[in-house]
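Accompanying notes for the structure given below.
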Amino acid sequence: MAKLKDIDNAAAEKGKGLKTLWQFVKFIFVSLIAFVVQTFLPLLIKLFMSDELLTRSYDIWGIFKSSVDAKTGAMLGLGVFIAANVSNVIAQIVSFFINREKTFNSDANIAVTLPIYIVFTIALIIFSAWLSTKFIPFFTGLTGSADTAMAISGALCGAVQFFIYFPFDKLLFPEKKEDKEKKAEKESK
């Protein structure tokens, strides 16, 4: 990890724009990890669910509703909804800690930032959960496979989250105080 810190320092010395660009590159790599989790973990989780749970009809607050595959007539039920959202939560937990420490080199107080991140993430997950109820039936009809549709939906919801999270995380995770002090010291010389 010393090499990563060296690259961080070199980017910071080149100016704020290059530092932000380097943070964005690191954010991309962390997001790729979250993408893999969010896209493929639901397929793994589904393996441990009964067919009854996977096809059980649901209606949560009138917003999240099960749907029927237009081609096969199969119910895309509660199990699919649970698998997609559990995977999303796990992906966001991984992202929080890696981005805080490695992407933004932040020492922001976890007791403060984690609740803010959780509230923001819950809102984004609710939005993604609603969006996936639109994507999964559409792509199931297009591809003929609920599993393929779930993977595509996870990828698209992950992409939406990616573009929303970077500016949010950049604000939430300020650089470490020691890094700011070193920068101020160099500028005063």
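Hey, how many Å between the Cα centroid of the range 1-80 and the Cα centroid of the range 81-150? Each part reduced to its Cα centre gives a spacing of 5 Å.
For the range 21-142, which whole-number percentage of the solvent-accessible area (1.4 Å probe, protein heavy atoms only) is attributable to carbon and sulfur atoms?
77
Counted over all Cα-Cα pairs of the range 79-189, pairs farther apart than 17 Å make up 60 percent.
Helix 177-188 versus the longest principal axis of the chain: what angle, 0 to 90°, nearest 10, using Cα atoms? So the helix axis and the longest Cα principal axis differ by about 40 degrees. Computed from point charges on the beta carbon alone (+1 for Lys and Arg, -1 for Asp and Glu), the dipole magnitude for the chain about its Cα centre is near 520 Debye. Averaging 1/r across all pairs of distinct Cα atoms in the chain and inverting the result yields a Kirkwood radius of 18.2 Å. Averaged over its residues, the range 33-113 has an accessible area of 51 Å² per residue, based on protein heavy atoms and a 1.4 Å probe. The packing ranking of peptides 151-157, 49-55, 60-66, 29-35, highest mean first, is 151-157, 29-35, 49-55, 60-66, where packing means the average number of other beta carbon atoms within 10 angstrom of each residue. Dividing the helix sum by the residues of the chain, where each DSSP H run of 4 or more adds -39500 (n - 2.57), gives a mean residue ellipticity at 222 nm of -26000 deg cm²/dmol.
The values are calculated or read from the model by the stated rules, or taken from the named source; none is laboratory data. It should be emphasised that the depicted structure is a prediction, and the values quoted were computed from it without experimental measurement. Neighbour counts run over all protein chains shown; Cβ positions are idealised from the backbone, glycine included. With ligands, DNA and RNA removed, areas are computed over all heavy atoms of the protein, side chains included. Shrake-Rupley method; radii C 1.70, N 1.55, O 1.52, S 1.80 Å.
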